[in-house]
Ligand code: DAT
Ligand code: MG
């Protein structure tokens with residue numbers, strides 16, 4: 001079974017709190033994702049605007065951009081046979097009230113502070129995963145990874 005890739009982010013609210021950062025990292029490991037690449041970085045507002053351009057014009061857009069540039073974030077390329085859907089399930093729903101009620105044990109249900117400060121990001125489709133991986137890991141070639149690394153990792 002071939003592995004799928006997704007981009008996961010731990011947002012500034014969670015990177016700022018060592019215990020929460022550790023708990024989110026543990027969720028990645030306990031759900032058996034393979035960590036393909038990982039880096040920590042501080043994002044410029046311009047990068048945030050580009051990354052979230054599909055939300056341009058929504059009432060929360062400016063708030064979201066300010067928040068994502070407010071402190072270090074951690075980015076991962078994760079692999080799993082169902083990486084995109086599984087990571088979104090592990091994260092839980094976008095909005096914190098809903099997350100706490102329908103998925104209290106999810107990452108956002110456990111640690112989300114508000115609808116904007118909601119701990120993590122995950123790609124929502126194969127197309128967005130490719131775009132988002134390229135945004136954070138410009139030197140990473142998906143094609144090369146599938147040719148040279150993935151065959152050794154799948155089981
Ligand atoms: P997701 O992050 O679950 O893919 P999304 O793509 O709809 O959700 O929105 C991107 C981010 O924008 C989300 O993680 C937090 C912020 N956001 C979304 N809806 C919001 C809302 N109603 N109020 C405040 N922030 C919101
Ligand atoms: Mg989204």
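Worth a mention:
- Taking 102, 15 and counting other C-beta atoms within 10 Å, the order from fewest to most: 102, 15
- Taking every alpha-carbon pair under 8 Å whose residues sit at least 6 apart, the stretch 6-155 reaches a relative contact order of 31 percent.
- Cβ-Cβ FRET estimate between residue 53 and residue 82, R0 fixed at 22 Å, reported to 0.05: 0.25
- Among 60, 136, 51, the largest mean-square fluctuation in a Gaussian network model of the chain (Cα springs under 10 Å) belongs to 60.
- Rounded tilt (10° steps) of 126-136 against the dominant C-alpha axis of the chain: 80 degrees
- Structure-based [θ]222 nm, the chain - -39500 (n - 2.57) summed over DSSP H runs of at least 4, per residue, nearest 500: -12500 deg cm²/dmol
- Model label points for residue 31 and residue 144, set 7 angstrom from Cα along the Cα-to-Cβ axis, are 2.8 nm apart.
- Label-reachable residues, the stretch 99-125, where backbone N falls under 14 Å from a point 7 Å from residue 63's Cα toward its Cβ: 113-119
- Working from Cα pairs under 8 Å separated by at least six residues, relative contact order for the stretch 1-79 is 55 percent.
- By average C-beta atoms within 10 angstrom, highest first, the peptides 138-144, 116-122: 116-122, 138-144
- Crossing angle, helix 18-30 versus the chain [Cα axis fit, 0-90 degrees, rounded to tens]: 40 degrees
Bear in mind that the values in this text are calculations on the coordinates, not laboratory data. Everything numeric here is computed off the predicted structure, so don't read it as measured data. As a convention, Cβ positions derive from the backbone with ideal geometry for all residues, glycine included, and neighbour counts pool all protein chains shown.
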